[in-house]
1. Specify which of the listed residues (R120, R49) is within 30 Å of L263 (Cα to Cα) and more than 16 Å from ligand 1 (Cβ to nearest atom).
2. What do you reckon, is T225 assigned to a helix (DSSP H, G or I), under 14 Å from G155 (Cβ atoms) and at pLDDT 95 or above?
3. Taking V309 as the residue in question, decide whether it is under 22 Å from A222 (Cβ atoms), within 16 Å of ligand 1 (Cβ to nearest atom) and either within 16 Å of the chain's Cα centre (by Cα) or free of Cβ contacts under 8 Å to residues at least 60 places away in the same chain (or both).
4. Just a yes or no: is a residue in the range 42-60 within 24 Å of A100 (Cα to Cα), in the same structural domain as W343 (by TED's automatic domain parsing) and of a type in the set (S, T, Y)?
5. For the range 270-303, name all the residues that are away from ligand 2 (no atom under 15 Å from the Cβ) and either assigned to a strand (DSSP E or B) or not assigned by TED's automatic domain parsing to the domain that holds L183 (or both).
6. Pairs, please: C-beta under 6 Å, at least 6 apart or cross-chain, first residue without any contact (Cβ under 8 Å) to a residue 40 or more places away in the chain and in the range 138-167, second near ligand 1 (Cβ under 10 Å from one of its atoms)?
7. Identify the single condition in (1) touching a Gly at 6+ places or on another chain (Cβ under 9 Å); (2) open to solvent by less than 80 Å² (accessible area, probe 1.4 Å) that A196 does not satisfy, given that it satisfies every other one.
Amino acid sequence: MIVLGIETSCDETGVALVDDGGRILSNMVLSQTDRHKIFGGVVPEIAARAHLDHLDTMIRAALKEAGIAMESLTAVAATCGPGLIGGVMVGMMAGKAIAAARGLPFIAVNHLEAHALTPRLVNPDLDFPYLVLLVSGGHTQILVAENVGSYRLWGTTMDDALGECFDKAAKLMGLPFPGGPHLERAAAQCRDKEGALARFPLPRPLKGQPGCDFSFSGMKTAVRTFIDRLPPGGLAPDDLAALAFSFQTAITETVADRCGRALTLFRAKYDVPKPALIACGGVAANAMLRAGLETLADRHGMRFIAPPVSLCSDNGAMIAWTGVERMKKGMTDSLSVAARPRWPLDPQAPDRKAAGT
Ligand code: KG4
Ligand code: ZN
């Protein structure tokens, strides 16, 4: 089985070919960061047009790189939501057109499910159920993956997503968009860690509170307050490193607290031989966060798994792999399926607009 995967839900155009053995035959990602960075964020109309400009060329290039003819494809999978609707439409229509022209099955992929299934692409021994922390620019969720197509939402953000929080804090620190990776690099320059934490004490929102929800909007206000109090001239390089380190530490402790509650619940509810905590989504690339979660999982007797950094941020391989997983279960979709800007993974969970689902 060889599935073509197309991802266009945000500002990365992703095209990949993946087979049912989990081999990535090609995985091309074209980032639009340069087009958006002068605006300090993703501009939906620019994103949709950029996907349109490059998608055909990338599909041809991905097939060529994999040495696969269009005739050898088994199915086509494309992100149909959630995401920026213009971009989603571009990728979905390209996928449907290929499926229609070639008479292939079409799989309408939920972008969040693709993040949540990616660990099974790289860890074939990862069985359901497992606990998922999904942290990206638009989402922050704690989910139980019970099966392909079956998820329970245990926690979500009540305001900003974690990636959004990183990006907003980084912007306040004068770092380029998208700020997460820049903030991580700035934090790595911090020489006096104890001093940084004492000088810039930041909140740990909802730490110790019941439930598994998150709230990050107060973090950027706290960062802004420190920056506003600095003498004229703003953040010197040492200040920047210290503030970035303190921010990352606060985030890691906060996320570990919320996940710790979920791990306890998971252990009580599910009796599985090799329980696992998964981190996925763009923010899961952060090394301090990964280390904090690994320590936490260890304390709870659970495995910690995070996909390689290149598969954490948006890409076509995660969409193609979700296509493989769904094909194996016979879960294909009609060509009349609609794009969904909002598409919760757990239909029973209460809808919270701020959670970006
Ligand atoms: O999953 P993703 O590529 O796109 C969305 O679906 O949103 O996630 C992008 C987010 C951005 O907010 C970016 O700043 C953040 O992930 N990010 C990071 C790191 N790498 C990417 N945040 C913190 N540390 C990183 N190393
Ligand atoms: Zn994503």
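The values are calculated or read from the model by the stated rules, or taken from the named source; none is laboratory data. Note that the structure is a prediction, hence the values are computed from the model and not measured. Here the Cβ is made from the backbone with ideal geometry for all residues, glycine too, and neighbour counts use every protein chain on show. What goes into the accessible areas is simple: the full protein's heavy atoms, side chains included, and nothing from ligands, DNA or RNA. Shrake-Rupley method; radii C 1.70, N 1.55, O 1.52, S 1.80 Å.
1. The match here is R120.
2. Answer is no for this residue.
3. No.
4. yes
5. A276, L277, R303
6. Matching pairs, first to second residue: none at all.
7. Here A196 clears every test but (1).
Each row is one residue, and each column tells you yes or no for (1) surrounded by 24 or more Cβ atoms within 10 Å (Cβ to Cβ); (2) modelled with pLDDT under 95; (3) not in a strand (DSSP E or B).
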position: L104; (1), (2), (3): no, no, yes
position: V109; (1), (2), (3): yes, no, no
position: L112; (1), (2), (3): yes, no, yes
position: R120; (1), (2), (3): no, no, yes
position: F128; (1), (2), (3): no, no, yes
position: L133; (1), (2), (3): yes, no, no
position: Q141; (1), (2), (3): yes, no, no
